[in-house]
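Working notes, beginning with the structure itself.
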Amino acid sequence: MKKLCLLLLLISPSLMAQKKMLSMEDAVMKARTSLAPQNLKQLMWIKNTTDYSYIGSDNNLYRGNAEKDKAQILLPLTELNAALKLRKEDTLSSFPMMEWEDVNSFTFKASKKRWLWITALKTLEPKALENLPDEAENKDKKRGMIAYTMNNNLYLWNAGKVYPISKDGSDDLVYGQSVHRNEFGINKGTFWSNSGNALAFYRMDQKMVKNYPITDYSVKPAKENLIKYPMSGDSSHHVTIGVFNLKSMSVTYLKTAPPADHYLTNIAFSPDDKMIYVAELNRDQNEMKLNCYNTDNGDFIKTLFTETDEKYVEPLHALSFVPGKPNQFIWQSRRDGWNHLYLYDTNGKLLKQLTQGNWEITNLMGYSEKGDKVFYEATKESPLNRDLYSTDLLDGKMNKLTTGNGYNRTLMCENGNYFLNYFSNVSTPNVVQLINLKTKKVQELFKSANPLSDYKIGDLTLFDINNRHGDKLYCRLFKPADFDSTKKYPVVVYLYGGPHAQMITNSWLGGANLWFHYMAQKGYLVFTLDNRGSEARGKAFEQATFRQLGTAEMEDQLDGVNYLKSLKFVDATRLGVHGWSFGGFMTTSLMTRQPDVFKVAVAGGPVIDWSYYEVMYTERYMDTPQSNKAGYEANNLLNYADKLKGKLMLIHGTSDDVVVWQHSLQFIKKAIEKNVQLDYFAYPGHLHNVTGKDRVHLMQKISNYFFDYL
């Protein structure tokens, strides 16, 4: 007996050294911190130089030059703290968020004050804080001036003074904010001119849009908050574009033509700021005109060109002027079936198509110093990859500038000769590189260790299958760490399936998150497939779902299920499915329209009836309920509630202003009417997704449902 105890004591250190298992707190709360790939914090180019800076893991500020081999410490945190201490301010535990003011100084906030550090003098000086109200939102800075909104009005802050640009803002009339429900590439409501002497802004009249109640249950009694939510087929808001002239302190509105419920997007000033360009899309979203207006008086000048499509046109990017050639610009379009670059002159004449092929431009980066080359990220090697390329504007020659098989994200130096690059793939967490186009040298600045090296992690594989029509579909599969091909495993299918989303990429974790590894550790295979309708596969692949959202997507997911069933280690009697938003719609569709396939499902924030979703998105893909009654009926999940057989749990945030709570409540009501049982869970006060510490609860709730029933 004594010998056995001694043996256990000798073994215990090796037991302690065994690989760890992920907890839900690890998978959710640490996914962006200690279990995320390490990185160079605040990596940026310093304006008007070929220098870059970042915060090292030692909490010191580093500065490097693109022509030199190694960055040097510019400012240790201890030195910055010593300067703060001299001014009798609290010291900092980590290097603050900073912004380069010029090549020799940067600003940061500490102790609710703004400070200026002058690098050459190694001195710290107080800098006046912008005296903006606490309620100020949508801040947009240019040359020290700040445009901002408050109570739906637009204001300009300049040198300590505030100038109201609008005064009649209300719930019905909104200034300087994002419009059209953030579709068409819109993510803000103000647009500075190149010189900073003019500010274009959106004005949204939404009095014709019905109010929609969002209930706040955190107060006694519960409070009703009304939002404007234009549903498919109903009245949409009316948008105009104003231009505030800082010299005359006056506003001019562009004289856009009716009808008023069209869409205005992709706003850009000409290099001399005399003209402003707007992509104008009809409500049917099948005709786009690129129009030019006079900045001073708002007069319409001309239509440069028109794009039409029998299904839909979706302008996502403003025109981009070629440096040194104020009469030439690049336009992005899918007119040949793939997103490519087209060179135009300001008369609207197409000079040439710059890129072509069965691949997509995903990000226009900028131009060379001479303006003779354009840089962009694209999917030419594979839809799963992103690489940096250049194309010569004169001869059309294309060059690939990144190396390796994986996913690249680049930051371009102003002169176009150097790029900072983040690279990863399924086996490489993160590598930060400096690309020198002059010497063709790629210098490694940083390489992250594997943040999961201490954990028991299974295999992740990316592969493709063909659907029944011969389309290539990309897939991802997580396996348990102790995977045994002679055993049979349950499968959780995670999906999204909607437009403008790509679940699978050749990046760290394959585009997934740590919950997938968590479920694999619990003995599940976790499978994902990007169906038709998803991103980065060209126009035909996306538009295959037109007027029938859910049908083609579901068909592809079932082809993925058939592939899973062909694997000897898959238990076809224990298939589960989970998705959120469009993925919640897909999950509920599969459980009701194909009720014999999946045993267990969790649908989060699901669209149930497309006629209750927003105008801009839904009418693009489904037309209106009036013009496509059959399509709306075929994909309305209320019509299939009585077909549900397996275990389904719906989850919804009670304050969801994207897919409103009414969707899942309608489905529950229909299930009650049909005497169909299902489970339900609500997250009070949460919007379209559950965030913060409550997300641990959400993901455990989802996981437990599979543990209990799958």
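We did not get these values from a lab; they are worked out from the coordinates using the rules stated. What you see is a predicted model, and the numbers here were worked out from it, not measured in a lab. A quick note on method: Cβ atoms are made from the backbone with ideal geometry, for glycine too, and the neighbour counts reach across all protein chains shown.
What to note about this one:
- FRET efficiency estimate (nearest 0.05) - Cβ-Cβ, Gln662 to Lys167, R0 25 angstrom: 0.10
- Close amide H pairs (under 5 Å, H built 1.01 Å from N) link Tyr680 with Leu650, residues at least 5 positions away or on another chain.
- Three-way shape call for segment 64-140 based on the alpha-carbon gyration tensor, with the a/c threshold at 1.5: oblate
- Computed extension gain for Asp708 through Asp261, at 0.36 nm per residue and net of the alpha carbon distance, reaches 156.0 nm.
- Distance violations [Cα-Cα > 19 Å] among Lys456/Lys565; Lys352/Lys373; Lys142/Lys302; Lys247/Lys325: Lys456/Lys565; Lys142/Lys302; Lys247/Lys325
- Relative contact order computed over the chain (Cα-Cα under 8 Å; 6+ residues apart), in percent: 9
- Rounded to the nearest Hz, the phi-derived 3J(HN,Hα) couplings of segment 99-109 under the Karplus curve 6.51 cos²θ - 1.76 cosθ + 1.60 (θ = phi - 60°) are 9, 5, 7, 7, 5, 10, 7, 9, 10, 7, 10, where x marks glycine and proline.
- Once the chain from His469 to Lys19 is taken as fully extended at 0.36 nm per residue, the excess over their C-alpha distance is 157.6 nm.
- The shape of segment 114-257 comes out oblate: with a ≥ b ≥ c from the C-alpha gyration tensor, a/c is at least 1.5 while a/b does not beat b/c.
- Legend: ranking of residues His517, His317 from fewest to most surrounding C-beta atoms inside 10 Å; resulting order His317, His517.
- Of the complete DSSP H runs in the chain, those spanning 20 angstrom or more by Cα along the long axis with a mean Kyte-Doolittle score not below -1.0 are 2-16, 551-565, 694-709.
- Packing, taken as the mean count of other beta carbons within 10 Å per residue, orders the peptides 492-502, 628-638 from highest to lowest as 492-502, 628-638.
- Packing-based ranking, highest mean first, of 253-259, 175-181 given that Cβ atoms within 10 Å are counted: 175-181, 253-259
- When each of Lys109/Lys141; Lys479/Lys599; Lys122/Lys370; Lys311/Lys643; Lys85/Lys139 is checked by Cα-Cα distance, pairs over 24 Å: Lys122/Lys370; Lys311/Lys643; Lys85/Lys139
- Evaluated with a Cβ-only charge set (Lys, Arg +1; Asp, Glu -1), the chain carries a dipole of roughly 1860 debye about its Cα centre, given to the nearest 20.
- For Glu89, Glu360, order by how many other beta-carbon atoms lie within 10 Å, fewest first: Glu89, Glu360
- Distance between the C-alpha centres of segment 42-120 and segment 313-373: 37 Å, rounded to the whole angstrom.
- Stretched out straight at 0.36 nm per residue, the stretch from Lys441 to Asp395 would grow longer than its current Cα-Cα span by 14.1 nm.
- Taken one residue at a time, the phi angles of segment 254-263 give Karplus couplings (6.51, -1.76, 1.60, θ = phi - 60°) of 5, 8, 6, 7, x, x, 6, 9, 7, 10 Hz. Gly and Pro are set to x.
- Taking segment 182-262 and dividing mean pair separation by its residue count, relative contact order in percent (alpha carbons under 8 Å, at least six apart): 27
- Under 5 Å from the amide H of Val570 lie the amide H atoms of Tyr489, each residue being 5 or more positions distant or on a separate chain, with H modelled from the backbone and absent for Pro and chain starts.
- Residue order, fewest to most surrounding Cβ atoms within 10 angstrom, among Asp387, Asp345: Asp345, Asp387
- Shape category assigned to segment 323-449 from the gyration tensor of Cα positions, a/c cut at 1.5: oblate
- Taking one quarter of the surface of the C-alpha convex hull of the chain gives a mean projected area of 37.7 nm².
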